[in-house]
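These notes are about the structure you will find just below.
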Amino acid sequence: EELRVLHGNGGFTKWLLQVARVDVLLLDDWGMAPLDAMVRNDLLEMIDDRAAGRATIVTSQLPIEHWHGWIGDETIADALLDRLMQRHHRITLTGESLRKTSPKPNVLEPELDQN
């Protein structure tokens, strides 16, 4: 939704330049929501601007072999994944989710005023 606003108010180009200069960009939960044509094109433009020398970290529960299908447009998927995979390091985490096993934070219960 924010990208649509940026396109509408003319701020997309400025935002894209800012993203291109960030040393490390984190794309979290890759593949969690469907992509429309505008977002696919924006992703390609963003990754293309960064591909030459800036780090991009992608986290996903979607297996890499399903990324092409998730992106949807075959030509854009080829271009996008080619740029992401040309100089990549893959880390696969296994085991139980830490969210399941993490203890709940210590939360102090408010004390009621006895007066």
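Summary of values
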| item | result |
| --- | --- |
| In the range 19-53, residue surrounded by the fewest Cβ atoms within 10 Å (Cβ to Cβ) [restricted to those that are of a type outside the set (A, V, I, L, M, F, W, C) and touching a strand residue (DSSP E or B) at 6+ places or on another chain (Cβ under 7 Å)] | ASP23 |
| Residue in the range 81-95 that is small (Gly, Ala, Ser), closer than 14 Å to LEU25 by Cα, in a loop (DSSP other than H, G, I, E, B) and without any contact (Cβ under 8 Å) to a residue 24 or more places away in the chain present | no |
| Condition check for THR75: touching a strand residue (DSSP E or B) at 6+ places or on another chain (Cβ under 8 Å), modelled with pLDDT of 90 or more and polar (S, T, N, Q) | no |
| Tally of residues being over 23 Å from LEU98 (Cβ atoms) and assigned to a helix (DSSP H, G or I) across the range 49-65 | 3 |
| Residue list for the range 14-34, filter: out of contact with any helix residue (DSSP H, G or I) (no Cβ under 7 Å at 6 or more places or on another chain), over 16 Å from ILE57 (Cβ atoms) and not charged (D, E, K, R) | LEU17, GLN18, ALA33, PRO34 |
| Qualifying residue in the range 87-104 (condition: modelled with pLDDT of 90 or more, exposed (fewer than 10 other Cβ atoms within 10 Å of the Cβ) and not hydroxyl-bearing (Ser, Thr, Tyr)) | no |
| Residues of the range 16-45 satisfying the condition of being farther than 20 Å from HIS66 by Cα and part of a loop (DSSP other than H, G, I, E, B) | VAL22, ASP23 |
| Tally, over the range 1-56, of residues that are among the hydroxyl-bearing types (Ser, Thr, Tyr), more than 12 Å from the chain's Cα centre (by Cα) and within 19 Å of ARG83 (Cα to Cα) | 0 |
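The values are calculated or read from the model by the stated rules, or taken from the named source; none is laboratory data. Fair warning: this is a prediction, and the values are worked out from it, not measured in the lab. Counting neighbours? That spans all protein chains shown, and the Cβs are built from the backbone with ideal geometry, glycine included.
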